[in-house]
1. Looking at segment 23-37 only, could you name the residues that are under 15 Å from THR13 (Cβ atoms) and part of a helix (DSSP H, G or I)?
2. Looking at segment 1-34, which of the residues that are modelled with pLDDT of 85 or more and among the β-branched types (Val, Ile, Thr) is surrounded by the most Cβ atoms within 10 Å (Cβ to Cβ)?
3. Find the residue count for segment 26-62, including only residues that are among the acidic types (Asp, Glu) and touching a strand residue (DSSP E or B) at 6+ places or on another chain (Cβ under 9 Å).
Amino acid sequence: MGWETRGHGRYYTRCRRKNGRVVREYIGAGPIAEQASRADAAQRAERAHQVEVGRAERAGWAAADALLRQLSTDVDLLVRAALVDAGYHQHNRGMWRRKRNVSGPATSAETAGSESVHSADERGDGGGGTSDRTVGLADP
């Protein structure tokens, strides 16, 4: 868009999109061209202002989003710590499940029929398992 010099005169043209193609529109010379040039400059300035306002607004939202993401990360960390402390583990990065044979606060109904914890080596049967594998419920 803008002024062109052809021969000895200056002419104003603008480019527009029509039906997906760029079309050059001849405006002319003289006061009409001057007025069209000022109108186009005002439109460009308004568009640039709107773009800048949009950028500033997005920057504000980005700052708020960063704070929210940090809060979400902190809460996830606290929840994870609480669940691990309560004896849970995360299965395949999905559901949280209670670990088996976790010693912890047991109710009286759970301790009524429980047997003591013994590893296969302590029982003397060999068992082929590791020495830290437990059987039954743990006494509190």
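1. ILE32, ALA33, GLU34, GLN35, ALA36, SER37
2. The residue in question is THR13.
3. The qualifying residues number 2.
Okay, residues lined up against (1) surrounded by 10 or more Cβ atoms within 10 Å (Cβ to Cβ); (2) over 30 Å from GLU25 (Cα atoms); (3) over 16 Å from the mean Cα position of the chain (by Cα):
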{"residue": "ARG44", "(1), (2), (3)": "yes, no, yes"}
{"residue": "GLN50", "(1), (2), (3)": "yes, no, yes"}
{"residue": "ARG55", "(1), (2), (3)": "yes, yes, yes"}
{"residue": "ARG58", "(1), (2), (3)": "yes, yes, no"}
{"residue": "ARG69", "(1), (2), (3)": "yes, yes, no"}
{"residue": "ASP76", "(1), (2), (3)": "yes, yes, no"}
{"residue": "VAL79", "(1), (2), (3)": "yes, yes, yes"}
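The values are calculated or read from the model by the stated rules, or taken from the named source; none is laboratory data. Small disclaimer: the values here were computed from a predicted structure and weren't measured. We place every Cβ from the backbone using ideal geometry, glycine too, and count neighbours over all the protein chains shown.
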